[in-house]
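Here is the structure we will look at.
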Amino acid sequence: MADNGKNLEHAKDLGRIDVKNQELEKMVDQHGANIYWERSIFCSCLDTYTGQPDFTCPSCKGKGYFYFGGTQTKALVYSINAKKDQYPIGMLDVGTSYMTCHSYDRVAFRDRITFLDMKSIYSQVVTFEGDPEGEVLKYKPLDVITVRNLGQEIPKTAYTIAGNRIKFQDGLFNPNDRFSVLMEILPTYVVIDIPHELRGTYIKFGYMTEQWMELPKQYMIKREDLMPSSPDTPPSMG
Ligand SMILES: [Zn+2]
């Protein structure tokens, strides 16, 4: 009965409870938010010896990686607040959440996630360059709340928005003048940790032999504009 001092009798005829992987996938489908998922890839301008990107690189703008592709799928999101006391107050958890994706969406470290059903507020300072097409904003605004030069509001009639560009009436600004914009955007996050990438389980129910099943995976994500080195390239989605 005893085996190394442990009583294993209780485990002999124990009913097996399998994790219902399809149920978890269904949860993501039924309750998840719509996301636009872009993959990240290292840029070939990276020096393989020093690991440094070329700061004049036209494809990554010196970041060392860029985004490509783009797929619409679903993700469940949770606030990180439940675990707040594990982190220094007000530090790590600013703009950070957890997200669970389908097992087959192989989201990776540094990938970019845009939440299509939600809105967030974003503020940016832009240097006027006088581009005839308009000045480039980091994100495509859903709505521009205000544009200001120091405290002075620029009237809405003095500019037009097209995509991620803002174009002012002639003569309002000179090159190198700065203005700030407050706008509504789609919330954009970057994957900063992959704690459950290896999540899976053996399942026997309904199968002749045990099968290895991957489970929906959890990722830690952070607002892109709150990243320590916030990238300055606009998202590729139009
Ligand atoms: Zn590059």
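Miscellaneous remarks
- Entry remark, the stretch 106-164: residues being part of a strand (DSSP E or B), of a type in the set (A, V, I, L, M) and within 18 Å of N176 (Cα to Cα) number 4 in total.
- Single match in D3, D47 (criterion: over 19 Å from V191 (Cα atoms), over 24 Å from the mean Cα position of the chain (by Cα), surrounded by fewer than 14 Cβ atoms within 10 Å (Cβ to Cβ) and at pLDDT 90 or above): D47
- For beta carbons closer than 8 Å, sequence separation of 6+ or different chains, a first residue in the stretch 38-50 that is free of Cβ contacts under 8 Å to residues at least 24 places away in the same chain and at negative phi and a second that is outside any loop (DSSP other than H, G, I, E, B) and among the aromatic types (F, W, Y), the qualifying pairs are F42/Y65; C43/Y65; C43/F66.
- Of the residues in the stretch 154-166, at least one is surrounded by 13 or more Cβ atoms within 10 Å (Cβ to Cβ) and touching a Pro at 6+ places or on another chain (Cβ under 7 Å).
The values are calculated or read from the model by the stated rules, or taken from the named source; none is laboratory data. This one's a predicted model, so the numbers in the text were calculated from it and none came from an experiment. A quick note on method: Cβ atoms are made from the backbone with ideal geometry, for glycine too, and the neighbour counts reach across all protein chains shown.
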